[in-house]
Every structure is written in C-alpha cells, then in structure tokens.
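Read the figures in this text as sums done on the coordinates, not as results from a lab. Model, not experiment: these values are computed from the prediction. Don't worry about glycine lacking a Cβ; one is built from the backbone with ideal geometry, like all the others, and counts go over all protein chains shown.
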Amino acid sequence: MALLEIENLSVMFGSASRPLRALDGLDLCMEQGEVVGIVGESGSGKSTAGLALMGLIDYPGRVTARRMSFADRDLLMMPESERQTLRGKDIAMIFQDPLASLNPCFSIAYQLEETLRVHQAGTRAELRSQTLALLRLVEIPDAEQRLDAYPHQLSGGMCQRVMLAMAIACNPRLLIADEPTTALDVTVQAQMLELLTGLQKQRGMALLLITHDLGVVAQVAHRVVVMYAGQVMEQGRVPDIFDAPRHPYTQALLASLPEYNVGRKRLATIPGNVPSQHERPQGCVLHPRCSNAQEICRTLVPDPAEFPNALVRCHFPLDKTVGPCKQNLTA
Ligand SMILES: Nc1ncnc2c1ncn2[C@@H]1O[C@H](COP(=O)(O)OP(=O)(O)OP(=O)(O)O)[C@@H](O)[C@H]1O
Ligand SMILES: [Mg+2]
C-alpha cells in the first residue's frame, strides 16, 4: 500500500467565472521512505501542490481531486478537525519562507514547545528538554544557549534548521520540504541537504522535496516530477530521466545545469518565462517555448503517455537515445 496516493489534484484561484488554474491535474504516488523531487521554474505550481497536500489552500482557492489518500485514509472526506490532527503530526511541511513561518515575537524554544504541545501532553520541563534534543538533532551549535533566542538573532541557515526541527518534532511519516536550501549559500546549502536526507533515512520518512534545482534532485531523490505552468510534464525514476529525458522541457532544464556546460563560455538557458495564469496558451502549455512544436501542439493539450518507469506529457516525446545535452527549446 502506498503512503500517499493523489489523482488529478487541481487548485484553482480567481473567481468562478474566471478561474485561474495554479495546479492542473497532479498525479502522485509515494511509498514510505521514498524521496520524490518536484522541480520546475518559478510559478509552475510547486508550492501550491505542497500546500494542497497539507490542506492549507485558503479561500478563495479551491482544491479538487479524484483521489487523495494518505496511509489509506481519505483526505478529501476527512473532517477538518481530523485533517488538523494529521497535519503537523503525520504530514509536516517546511515552508518556503522561513522568516514568514517563524513568529518574530516568540523565542524559538517557545515556538517549538507550542508545536509539540499541539500533538502531545507533557510538563513544561519535559517539553523544554524535548525541544533541546530537537535543536541538537538538527545540529544547532550551542543549542542550550540558542533556546531563548528570537528568529532575528539567528542566521538564515539556523532558521532553516529550526524550521526542520519544528517539522520533524512529531515524527511525521511524510515531510514536504519547500525549497529548503534555496535561500542559503552553497556551503550551508550542502550541510542542510545532508542533514535533511540523514534524518529522512534515519526515520524512514517519505520526503517530498520541492526545488527549482535539478542538481539537488539528482543528489537525493529516487523519483522526480517535472512541472511547468501547473502541469506535470514528465515524471519518473531519477536515473532514467537524468540519463535520457523524454520531454523537451526536462531536456532543456538538464541542459542548463552547469555539469552539462563544461567548457562553454555561457550556460545554456531556456528563453522566455512560465506564462502567468492569465496567459496560458492553448494546446500544450509549453509550445511557445518549444522548437519541436508542431501544429497539434498549438491546439491540443497532450495527455500524459505512459512509458516504462515514466509518464510524459508531450505529443512528440524524445527518442530515449538522445542525451540531455541537445537543446530543443527555441534559442
Ligand atoms: N493565493 C494565491 N492566489 C492567487 N494566485 C496564486 C496564489 N498562490 C499561488 N498563486 C499563483 O499560482 C501559480 C503557482 O504558484 P506557486 O507559488 O505554486 O509556484 P512555485 O512553483 O512554487 O514558484 P516559486 O519557484 O517561485 O516558489 C503562480 O502563477 C502564482 O501566482
Ligand atoms: Mg514556491
């Protein structure tokens, strides 16, 4: 039995007469202990997907799905009170902006204790000692002295560690980490990633890692979901997709990685931007940026096609034998 089973998950913003589709038909299945990366450029719907899984899309946002189950429990039918208990305890999230999620007015010990208190009983002293253990677990130096610090007294990397401590405080079975390393400098980024994956392995948690950085996904994920303008372009096992992507968009993302540009003066880039929700083109959402596009791409949205170990949403999937260095998007 899969831990998480999602079918056709969509999130709409905007009015009923003019809906804006931020997430468009996500299918996702995760096993216990599995690491899945969601990648895509800014605005592709990654955070929206994470928030929808947490049940945190607020009105006027609307969430629909054919199926949404966690450990065989139906998330769609679940009363809000039950969903609240699940949230934080069984499914936890590290949010994209750590400073927006840590309250500047309270010490980090207070905020961690409150997180623990929501899901378990205990005296103040017990909660405080658990808090200290958590800070040590996420390798905060001089944890004891840091207990009473306020968020603004900690570096970005330290705040990110506190967020991780908060997220894993109740031993979740699924951790959603939204850009946990993006705002950090390269060395701190590597430390954070190591800490995150170390804890994931130690605890056997499933980890949904949201990032725009394919390099991070290559390092830690078993499977990858490539998103563009709210839709999944390709998903499959990391080794397969990195060796031979079938979607021109994945291929272009890979081609823009420094590893594939050794010896070139400039990195390959993908021209253009993700269209806003108001400007989604007809047909395949990628077609204005894709040099492989044919007439059908301009008119008909491709359905995801199944390949061994991969799902690809493209009318003209690439030949498996073509490596990721060949750039196929318009220059
Ligand atoms: N509350 C909201 N109301 C209206 N539109 C929203 C809301 N939240 C997100 N969106 C829109 O949904 C789309 C997807 O946003 P989302 O934040 O999920 O992207 P993302 O992939 O996480 O981007 P980034 O890499 O910049 O974090 C964007 O067009 C965004 O403007
Ligand atoms: Mg985001």
Coordinate range along principal axes, alpha carbons of the chain, Å, largest first: 67, 50, 36
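Take peptides 120-126, 248-254 and line them up by average Cβ neighbours within 10 Å, highest first, as a rough protection proxy. Mind showing how you got there, number by number?
Values: 120-126: 10.3, 248-254: 25.1.
Top of the packing list down: 248-254, 120-126.
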